[in-house]
Every structure is written in C-alpha cells, then in structure tokens.
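**Q** Below you will find the structure I want to go over with you.
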Amino acid sequence: MKKAAFILGSGLLLLVAFSNSVSGQLQRFWDASGCFQQAQWERLLSTFEGKEWILYIIATILVPALVFWSFNGLLLVADTARKPNFISRYRIQVGQNEPVDAMKLRQSIRTVLFNQCMISVPMVVFLYPIIKVRGDPCRRELPTFHWFLLELAIFTLINEVLFYYSHRLLHHPTLYKKIHKKHHEWTAPIGVISLYAHPIEHVASNMLPVVLGPILMGSHLSSIAVWFSLALICTTVSHCGYHLPFLPSPEFHDYHHLRFNQCYGVLGVLDHLHGTDTMFKQTKAYERHRLLLGFTPLSESIPDPPKKMD
C-alpha cells in the first residue's frame, strides 16, 4: 500500500506540474484552433445527419486501421528489406529478424487481419448502442483540451490494470499452452505482431482494456478515435524490436517476449507493485529503458556486459 501511495502521489504531482506548464501552452493552441475544429465537426455532422453510425465506423475502425497499417508498413520495410541501413543499429535483440522469416511473417499477417476484420470490427460495431447509452459520441460540442487529457489519463489507467491482470492470467500454464503461446511464438517481436494472438486473447487483452474506458466515460467520438489510434501506435512501438530516437522505449515489453515471466504490464506500475520486474531491473535493458533523445543507440552507450568465456 505504501508503494502504491508513493507511485500514485508522485504521478499526481507530475500531472499537476504538467498541467501548469506544457498543457497551458497546448490549451492556448487548442483554443486558437478550436473554432476551426468545431466548424469542421459540425460540417461532418450535417453531411452525415441521420447516418451518424457511418461517422462512428470511420472514426473507430477505418482511421485506427489506417494508422496501424501505415506505421507498420514502414516498419515492415525495415524488417524485410533492412532499409534504411542505419535502422539496424537500433535493434534490441541483435541478430534476430535480420531479415524476418517471410513465411512466418505472412502467416502472422493473416492472423492479424483475421483478428481485425472478424473480431475487432464486429465488436466495435456491437458496442455502438452501448456507447450511445453512456452519451452520444456524435454530440455537437467537441471536448475541451483538459477534459480530453483527463480522459486519456483514465483510459491509460484502465488499460494498465485490465491488461496487466488479463495478461498475467494468460501466463497460467493451462491458458498459456492453449491461448497465449501463439503470441509468444515471436521471442523477438516485430511491430505487426502486436495483434498476432489467439482470438480469445485478442478480445480479453487487446480489445477490452482499450474499449472499456470510452464506454465508462461516455466519450466523444473524437476522443475515441484518438485513443484507439494512440493505443495501436503504442502497442506497435512496444513490439517493434527497435529502440528508436524520440519514441517510447520498447525495452520493457521486448524483455517480456525474451524471458516470458517478467514485465506483464504496459507502464510497469503494477509490475513494480507485484515484483514482476525484479529480474528486468537487474539487466542492462532496464538501464536502456528510457526515451532516446539523441541518435546514438543506447545499445552502444549502455552496452551489454561481455560474455564470459568457457
């Protein structure tokens, strides 16, 4: 409890500091463009009047899918063609997927497309009347910037809790063998396999932690679209296999794929509380688990210790 209070208290202080500095600047920018955004949104509502469900499909399915495949398309070029050449310097598990196995990749992409088309799409469509009960997602007024930030914070918290416990449950020997082992076929992950999973896992660990927040908050469609897109970007980065400059560190989840029994969460808060990151904290990967603000790979500035000779 003391650890939880410390972490939550520290997070609250950081949130206050952030809202008094960076968010103030962003709020001014948001307000300056707010009239334009509101006008464009009202124009969309007028165009799709009586057919708001089409806007819902575009925002919750088509836009996130476009974001996912655009980002992963670039990563797949790096994984298959090893272009541009410099990107290999940022690889976390050196020597793995250079290049990626073509047959294994094709099979994984088929599974990802199945999960998206046959599970995600029907699930999101089914949720539309449920979301409307909580609050019309296509209401005329866009959310304020600070409300949007609050929603993102709540979405992230819900996602962390649900993903950690559902993910850890899937590592129970019985469930792991029948369900989660499929995702762990990739011990050195690549971006597109972030959605490579058994259908049950895709619903329980990939979808529910992400969609529950907007349902509970009765969120506006704009918030839902941004959140779904951000969630897909973040899970792609976590699986991409490269610790790239100016992007969140994927070292945490990459280590999970390497060792299986560490680092179950997204942010690492619950791993810290439950002690499921103790081995990770003893590694060089933990020292490299930070935002890279330059162009020198952290694997060079914080190299692994030399291997012992027999």
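The values are calculated or read from the model by the stated rules, or taken from the named source; none is laboratory data. If you're wondering where the values come from, they're calculated on a predicted model, not measured in any experiment. Cβ sites come from the backbone with ideal geometry, for glycine too, and all protein chains shown count toward neighbours. In case anyone asks, the SASA skips ligands and DNA or RNA and just uses the protein heavy atoms, side chains included. Shrake-Rupley method; radii C 1.70, N 1.55, O 1.52, S 1.80 Å.
**Q** Please go through segment 186-209 and give me each residue that is under 30 Å from A81 (Cα atoms), free of Cβ contacts under 8 Å to residues at least 60 places away in the same chain and in a helix (DSSP H, G or I), ordered by number.
**A** If the condition is that a residue be under 30 Å from A81 (Cα atoms), free of Cβ contacts under 8 Å to residues at least 60 places away in the same chain and in a helix (DSSP H, G or I), then S194 is the only one that fits.
**Q** Shifting gears a bit: Can you name the residue in segment 210-252 that is assigned to a helix (DSSP H, G or I), of a type outside the set (A, V, I, L, M) and more than 11 Å from the chain's Cα centre (by Cα) and is also surrounded by the fewest Cβ atoms within 10 Å (Cβ to Cβ) among such residues? Walk me through how you get there before you give the answer.
**A** Narrowing segment 210-252 to residues assigned to a helix (DSSP H, G or I): 210-217, 221-239, 251-252.
Within this subset, residues satisfying the condition of being of a type outside the set (A, V, I, L, M) are 213-214, 222-223, 227-229, 234-236, 238-239, 251-252.
If we keep only those that are more than 11 Å from the chain's Cα centre (by Cα) too, we end up with 213-214, 222-223, 251-252.
Numbers: G213: 23, P214: 26, S222: 16, S223: 22, E251: 23, F252: 22.
That would be S222.
Yes or no, residue by residue, for (1) open to solvent by less than 70 Å² (accessible area, probe 1.4 Å); (2) closer than 30 Å to L298 by Cα; (3) modelled with pLDDT of 95 or more; (4) not in a helix (DSSP H, G or I):
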| site | (1), (2), (3), (4) |
| --- | --- |
| S46 | no, no, no, no |
| A65 | yes, no, yes, no |
| G73 | yes, yes, yes, no |
| D79 | yes, yes, no, no |
| Q96 | no, yes, no, yes |
| P99 | yes, yes, no, yes |
| K132 | no, no, no, no |
| R140 | no, no, no, yes |
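**Q** Another question, if that's okay. Which pairs turn up if I take residues in segment 55-69 that are free of Cβ contacts under 8 Å to residues at least 40 places away in the same chain and look for partners that are in a helix (DSSP H, G or I) and open to solvent by 30 Å² or more (accessible area, probe 1.4 Å) with beta carbon separation below 6 Å, at least 6 apart in sequence or on another chain?
**A** none
**Q** When P84 is evaluated against the numbered criteria (1) closer than 24 Å to Y255 by Cα; (2) surrounded by fewer than 19 Cβ atoms within 10 Å (Cβ to Cβ); (3) modelled with pLDDT under 90, which criterion, by number, is the only one it fails?
**A** Every condition holds for P84 apart from (1).
**Q** List the number of the failed condition for E300; all other conditions in (1) over 16 Å from the mean Cα position of the chain (by Cα); (2) open to solvent by less than 60 Å² (accessible area, probe 1.4 Å) hold.
**A** Unmet for E300, out of (1) over 16 Å from the mean Cα position of the chain (by Cα); (2) open to solvent by less than 60 Å² (accessible area, probe 1.4 Å): (2).
**Q** Quickly run through segment 256-267 and pick out the residues that are open to solvent by 20 Å² or more (accessible area, probe 1.4 Å) and over 30 Å from I215 (Cα atoms).
**A** Result: L258, R259, F260, N261.
**Q** Okay, next question. Across segment 143-155, what is the total count of residues that are in contact with a Phe, Trp or Tyr (Cβ under 8 Å, 6 or more places away or on another chain) and at pLDDT 95 or above?
**A** Number satisfying all stated conditions: 3.
**Q** Looking at (1) open to solvent by less than 50 Å² (accessible area, probe 1.4 Å); (2) within 30 Å of T296 (Cβ to Cβ); (3) part of a helix (DSSP H, G or I); (4) not polar (S, T, N, Q), can you tell me which one R89 breaks?
**A** (1)
**Q** Where residues in segment 274-297 are open to solvent by less than 30 Å² (accessible area, probe 1.4 Å) and not in a loop (DSSP other than H, G, I, E, B), which of them is farthest from N261 (Cα to Cα)?
**A** Going through the qualifying residues, I end up with A285.
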